[in-house]
Amino acid sequence: MDIERAALGFTALGQTTRLELMRLLLGRGPTGLAAGEIAAALGATPSTLSFHLRALEQAGLIRPTRIGRSLVYAAQVAALRELLAFVAEACCDGEPARCGDLATLLPTAAKGAPMPAFNVLFLCSRNSARSIMAEAILNKLGEGRFRAFSAGSEPSPEGPMPEVVAQLSALGHDVSGLSSKSWNLFMEPDAPRMDFVITLCDILAGQSCPDFGETMITAAWPLPDPAKFTGNAAERATLLNELYAGLHRRIGIFTSLPIAALDRIALKARLDELAHPAGARA
């Protein structure tokens, strides 16, 4: 980074509303916020907000994505880290380790820094098999970087399918917290804020999924409903194994994505690719 670009970045941040705006977007992670939501949170008029958004965008610190009729803005974490590292690298005459915690802003130190945890909601109709599998798989593969949840449009009153729970338990997953629940729980004001919502509904079979709004990143991975599987016990076991393997592959690729380095459009595209993981890039 050259000094002119660094000066542009610090100038963009050197105003109270823009600094507050940047902190707000950093809090929302890669999903960002729509312009109207930002205006409401900051109490800013549209013209004033537009001025501040443009300054931060020109400095490369935020990026807008058009979703429908709305513009959704997200912080560019890599650009902000580069800006701060520009200052930190000159610390203590080129020996930033002597400057204590300031050295953690440098890229070499950042490689070992923990990634933020992202909330992911998996949806299907009965929340008894597909989404239950996905929740368990991501909570195991995510290693604390992801928090997985699941829900359904018509949650099974009997709870998760016993076959699915037995399979997950045999494969080493924690099944103690798995339950069938309505997706309405995740629309309540005190519900965890989701970064990603992934629907597993079999759209070709006429299943529908809810609209959780524009501020989180969504994807659809249509999968058949195990409740409609027919055949003998061996055939059903084979079908469940194939469903588990398909979800495990998708989620394994998902957890390997460099989320902090991708913008919203790129993240959405990569998740959409996983509807057909055989052709997805790792």
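Selection of the stretch 138-159 for residues being surrounded by 15 or more Cβ atoms within 10 Å (Cβ to Cβ) and part of a loop (DSSP other than H, G, I, E, B) yields Gly142, Ser153, Pro155, Ser156, Gly159. The residue list Thr17, Thr31 contains one member that is under 27 Å from Ala266 (Cβ atoms), of a type in the set (Ser, Thr, Tyr), open to solvent by less than 80 Å² (accessible area, probe 1.4 Å) and touching a Ser or Thr at 6+ places or on another chain (Cβ under 9 Å), which is Thr31.
When restricted to residues that are β-branched (Val, Ile, Thr) and either surrounded by 20 or more Cβ atoms within 10 Å (Cβ to Cβ) or not in a helix (DSSP H, G or I) (or both), the stretch 160-185 contains 2. Please work out which residue is nearest to the chain's Cα centre (by Cα), limiting yourself to the stretch 186-198 and to residues that are open to solvent by 20 Å² or more (accessible area, probe 1.4 Å) and in contact (Cβ under 8 Å) with a residue 40 or more places away in the chain. Among them, the one singled out is Arg193. Being assigned to a helix (DSSP H, G or I), open to solvent by less than 30 Å² (accessible area, probe 1.4 Å) and at pLDDT below 95 is a description that applies to Leu83.
Every residue in the stretch 112-134 that is hydrophobic (A, V, I, L, M, F, W, C), at pLDDT 85 or above and part of a loop (DSSP other than H, G, I, E, B), please. Before you say what the answer is, go through the steps one by one.
If we filter the stretch 112-134 for residues that are hydrophobic (A, V, I, L, M, F, W, C), which is where we start, we get 113, 115, 117-118, 120-124, 129, 132-134.
If we keep only those that are at pLDDT 85 or above too, we end up with 118, 120-124, 129, 132-134.
Ala129, the sole residue that qualifies.
None of Val77, Val72 is open to solvent by 60 Å² or more (accessible area, probe 1.4 Å), farther than 30 Å from Gly159 by Cβ, under 16 Å from the mean Cα position of the chain (by Cα) and modelled with pLDDT under 90 except Val77.
Residue count for the stretch 270-282 satisfying the condition of being part of a helix (DSSP H, G or I), more than 17 Å from the chain's Cα centre (by Cα) and either at pLDDT 90 or above or surrounded by 15 or more Cβ atoms within 10 Å (Cβ to Cβ) (or both): 1. Pairing residues of the stretch 223-236 that are at negative phi with residues that are open to solvent by 60 Å² or more (accessible area, probe 1.4 Å) and in a loop (DSSP other than H, G, I, E, B), at Cβ distances under 7 Å and at least 6 apart in sequence or on separate chains, gives Ala227/Arg126. For the stretch 228-269, taking the residues that are part of a helix (DSSP H, G or I) and of a type in the set (S, T, N, Q), the one that is surrounded by the fewest Cβ atoms within 10 Å (Cβ to Cβ) is identified as Ser256. Among the criteria (1) in contact with a Leu (Cβ under 6 Å, 6 or more places away or on another chain); (2) open to solvent by 20 Å² or more (accessible area, probe 1.4 Å), the one Gly9 does not fulfil is (2).
The values are calculated or read from the model by the stated rules, or taken from the named source; none is laboratory data. What you see is a predicted model; the values in this text were computed from it and never measured. Cβ atoms come from the backbone with ideal geometry, glycine included; neighbour counts cover every protein chain shown. What goes into the accessible areas is simple: the full protein's heavy atoms, side chains included, and nothing from ligands, DNA or RNA. Shrake-Rupley method; radii C 1.70, N 1.55, O 1.52, S 1.80 Å.
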